[in-house]
Amino acid sequence: MSSPILQLEGLKVSFSVPGGTVNAVRDVNLEVGKGEILGLVGETGSGKTTVGKAVVRLIEPTSGKVLIDGVDISHLSRGRMRPFRRKVQMVFQDPYSSLNPRMTVAKLIEHPLAIHGVANRLERRAKVEEIVDRVGLSRAVLHRYPGEMSGGQRQRVGLARALVLSPELLVADEPVSALDVSVQAGILNLLVDLQQEMGFSCLFITHDLSVAEHLCDRVAVMYLGEIVEVGSRSDVLVSGLHPYTQSLLEAVPVPDPVVQRGRVRATLPGDPPDPLNPPHGCALSPRCPLVDSRCIDEHPALLSYTSGQGGKVGSEIGLDHLIRCHRVAERKATSLVENTL
């Protein structure tokens with residue numbers, strides 16, 4: 001894989017709340033290669049969206065680094081940050097609240113071009129018409145307002161607005177979760193086609209593992225603000241080793257009702273810990289059926305288990321299956337279900 005477009009090094013994002021401080025993102029190390037789609041998955045509250053917003057500087061990192069093409073942008077001034085705004089764009093979850101209801105579609109899509117001084121007005125209009133064609137909308141929508149469009153059309157407008165600057169990295173935060181199921185497939189297939197045509201990289205945030213399997217080259221799993229497993233799509237979504245990853249996979253329903261009723265699923269007991277008072281050791285230790293004293297006392301590192309054996313932290317993007325679990329090296333590829341029967 002080529003050098004990464006995005007590198008997160010020790011990223012931490014904290015928020016002060018009544019009663020203390022919530023570490024929403026804790027020591028996240030992650031890379032997105034050029035031309036790659038990396039899926040960031042996990043349940044609600046795991047910190048996925050916070051990571052995405054920190055990448056585009058909508059939220060300021062508490063510590064750590066966000067590197068775009070090798071340049072740390074985490075503490076750049078507004079003026080010095082400006083060139084990187086063109087390189088990194090974001091598509092938001094709610095296509096209605098992310099669009100100004102008082103602007104026409106034409107103005108919404110042209111606005112980023114005007115802000116960055118790209119071309120003259122006629123050339124900008126041509127670019128707007130081109131990107132509208134590419135996202136599968138009729139040019140008749142250019143004179144409409146967001147409130148006059150369907151949810152799928154609005155999300156295509158949001159995608160057009162993000163891509164009109166030809167960014168190198170797109171952060172897509174649950175871009176189809178607010179849409180009808182019948183519309184989701186069209187948006188996902190469109191995103192795949194545009195990524196292949198335009199060559200941008202993508203950090204795709206989702207809670208839906210089937211979407212990640214359809215779209216992503218690699219997948220990273222988050223739990224309680226930290227990465228617990230990352231690897232290729234097959235490493236994580238077919239043969240995931242972390243107990244939390246396996247619980248997510250077991251929760252995905254099977255289309256056959258007979259098979260579904262007969263499944264023995266490895267559900268985790270209880271709820272995620274209080275983020276104001278996280279466990280001292282492994283974040284999953286209060287719920288994990290494989291927990292032992294080491295899990296309770298010692299926080300696990302994100303280590304490489306490419307061959308099923310413990311090793312040092314992986315250094316080459318795309319070559320390692322990284323897992324944050326003391327017990328993985330002991331049980332190797334044994335499934336969580338087999339361990340809990």
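Does GLU250 meet the test of being more than 26 Å from LEU11 (Cβ to Cβ) and touching a Lys or Arg at 6+ places or on another chain (Cβ under 6 Å)? Yes. crowded, with 18+ Cβ neighbours inside 10 Å and at pLDDT 90 or above: does that describe PRO275? The answer is no for PRO275. Among the numbered conditions (1) of a type in the set (A, V, I, L, M, F, W, C); (2) assigned by TED's automatic domain parsing to the domain that holds ALA212; (3) surrounded by fewer than 20 Cβ atoms within 10 Å (Cβ to Cβ); (4) over 17 Å from VAL56 (Cβ atoms), the only one that LEU191 does not meet is (3). Within the range 134-156, the set of residues being in contact with a Phe, Trp or Tyr (Cβ under 7 Å, 6 or more places away or on another chain) and of a type in the set (Asp, Glu) is empty. Each residue in the range 130-160 was checked for being in a helix (DSSP H, G or I) and among the hydroxyl-bearing types (Ser, Thr, Tyr), and 0 pass. Can you find a residue that is touching a Ser or Thr at 6+ places or on another chain (Cβ under 8 Å), over 27 Å from THR50 (Cβ atoms) and either in the same structural domain as GLU197 (by TED's automatic domain parsing) or assigned to a helix (DSSP H, G or I) (or both) anywhere in the range 90-105? There is no residue in the range 90-105 that is touching a Ser or Thr at 6+ places or on another chain (Cβ under 8 Å), over 27 Å from THR50 (Cβ atoms) and either in the same structural domain as GLU197 (by TED's automatic domain parsing) or assigned to a helix (DSSP H, G or I) (or both).
Looking at this structure, is SER166 surrounded by fewer than 18 Cβ atoms within 10 Å (Cβ to Cβ) and closer than 24 Å to LEU179 by Cβ? No.
I'm checking my understanding of the structure. Among residues of the range 229-288 that are of a type in the set (Asp, Glu) and under 23 Å from the mean Cα position of the chain (by Cα), which one is nearest to ILE323 (Cα to Cα)? Result: GLU229.
For the condition in contact (Cβ under 8 Å) with a residue 60 or more places away in the chain, closer than 30 Å to ARG86 by Cα and more than 15 Å from the chain's Cα centre (by Cα), LEU215 does not qualify.
With the requirement that a residue be β-branched (Val, Ile, Thr) and assigned to a loop (DSSP other than H, G, I, E, B), what does the range 11-45 give you? Step through it out loud before you land on a result.
Keep residues of the range 11-45 that are β-branched (Val, Ile, Thr), which gives 13, 17, 21-22, 25, 28, 32, 37, 41, 44.
THR44, the sole residue that qualifies.
The values are calculated or read from the model by the stated rules, or taken from the named source; none is laboratory data. Being a predicted model, the structure only gives us computed values, none of them experimental. For neighbour counting, all protein chains shown are included, and Cβ atoms are generated from backbone atoms with ideal geometry for every residue, glycine included.
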